[in-house]
1. Ordered by packing density, taken as the mean number of other Cβ atoms within 10 Å over each peptide's residues, highest first, how do 374-380, 261-267 rank?
2. Once you put a point 7 Å from the Cα of LYS101 and another 7 Å from the Cα of GLU339, both along the Cβ direction, what distance in nm separates them?
3. Accessible area per residue, 1.4 Å probe, Å², for segment 99-226: what's the number?
4. Most mobile of TYR140, TYR174, TYR366 per a Gaussian network model of the chain (Cα springs, under 10 Å)?
5. Let me have the 222 nm mean residue ellipticity of the chain computed from DSSP H runs of 4+ only, each contributing -39500 (n - 2.57), with the sum over all residues rounded to the nearest 500.
6. Among TYR224, PRO164, ASN213, which residue has its Cα positioned farthest towards the positive end of the charge dipole of segment 128-241, with +1 placed on the Cβ of Lys and Arg, -1 on the Cβ of Asp and Glu, and the dipole taken about the Cα centre?
7. Relative contact order of the chain, please, whole-number percent, based on alpha carbon pairs below 8 angstrom and at least 6 residues apart.
8. Could you work out the local net charge near PRO282, counting Lys and Arg as +1, Asp and Glu as -1, over the other residues with Cβ closer than 14 Å to its Cβ?
Amino acid sequence: MIGICIKYYHENYGGMLQAFATTKLLDKVGVEYEIIRYEKKKDLVFILKSIPRLFNNVLINDKYEAFQKKMSFKKHPDFLGNDKIRMKAFDRFRTEKFQDKLSEINYGYDKLVENASKYKAVLVGSDQLWSPAGLPTNFYNLMFVPQKIRKISYASSFGVKYIPWYQKRRTSKYLNRIEYVSLRENSGQKIVKELTGRDAPVVLDPVFMFNQNEWEDLIPTKKYYDEEYIFAYFLGNNPEQRKAVKELAKKTGLKIVTLRHLDQFVEEDEQFGDYAPYDIAPDDFLNLLRGAKYVCTDSFHGAVFSIIHKKRFVVFNRYSDSSKHSKNSRIDSLCQNLEISNCRYNGNIDDIINNKIDYSKVDENYIKLREKSSEYLDKALDGVK
């Protein structure tokens, strides 16, 4: 049996579907596994080690957004009530999809290290689990795994283009301990090369390892609206992007279906969208996207599922390229590797109407990357199945 480190509990649609896809991918290749659960003991030593995190730009931004959301709950009681409805939907999906594969809870780092010895290998999954903000925890970087146990990363992501200078030594240390390293983004590949000299492959995000028909088997299609619509899925707070979608709706005559106030309260969302349901779990999210004529998003996984389901879509930048906490690199790699840079918003909403994506060309690149990803995973798991 192997242990896997994934963020299955985070209330983010793309993140939870990515974690779900990771488990289904291991089922597909015939590997027995369990999801490693870890709860930190927040004693004095832990607090002292965590102090450097307070100066990390990505962590500061994430904490600031979380603080803003809490403050918004007080100002907008309706937002709090609707958010609770959404959280219950996430709980339902989490219980249905992950409950049977959870390890016992490892309370404290010593217990985590002790129990790691029972696995043939430990795999860390995709998403931004190698963010500089999380380095001191020594969990997703597999520093808790004994040297004799095989360590694997599948489509890992730093979430940033550069590692802070004061973290480079510790980052190279954990990378050199992991026998099989693969990245989700081209920028991550460059980071590994710079810090270790290793040529780590770029592989597909786990959700990409299942095509449209296979996702139908994992999550059956359900129709929510009889009329055609635009699905707007925005994580960031950018009023101009909402205005662009409204312009698209006006030109096409379509209604807008959206999910409001996802990572934070967004004033513009209050009047945005013709339909804005809250009782939406990750499986419901996928079906809302499936049923759309157009998809407008600033989300990496919003773009990925649009590609899998061959949608007409446009992807907006959530962050400015000059932002110190920008996470645009994953969108950059996606567009480069599949040759779909024309799907990025350039200020003209007419492009989404006129741009018909050549999915036959996209599929050529997709199939090659999927084969490469499967070969990497088979090699990394050889002998532990």
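1. Order by mean packing, descending: 261-267, 374-380.
2. 3.4
3. 45
4. Most flexible of the set in this elastic network: TYR174.
5. -14000 deg cm²/dmol
6. Of the candidates, PRO164 comes out farthest on the positive side.
7. Computed over the chain, the figure is 18 percent.
8. +2
The values are calculated or read from the model by the stated rules, or taken from the named source; none is laboratory data. As the structure is a computational prediction, the values presented were derived from the model and not from experiment. When we count neighbours, we look across all protein chains shown, and the Cβ atoms used for this are built from the backbone with ideal geometry, even at glycine. Surface accessibility is based on the protein's heavy atoms, side chains included, excluding ligands, DNA and RNA. Shrake-Rupley method; radii C 1.70, N 1.55, O 1.52, S 1.80 Å.
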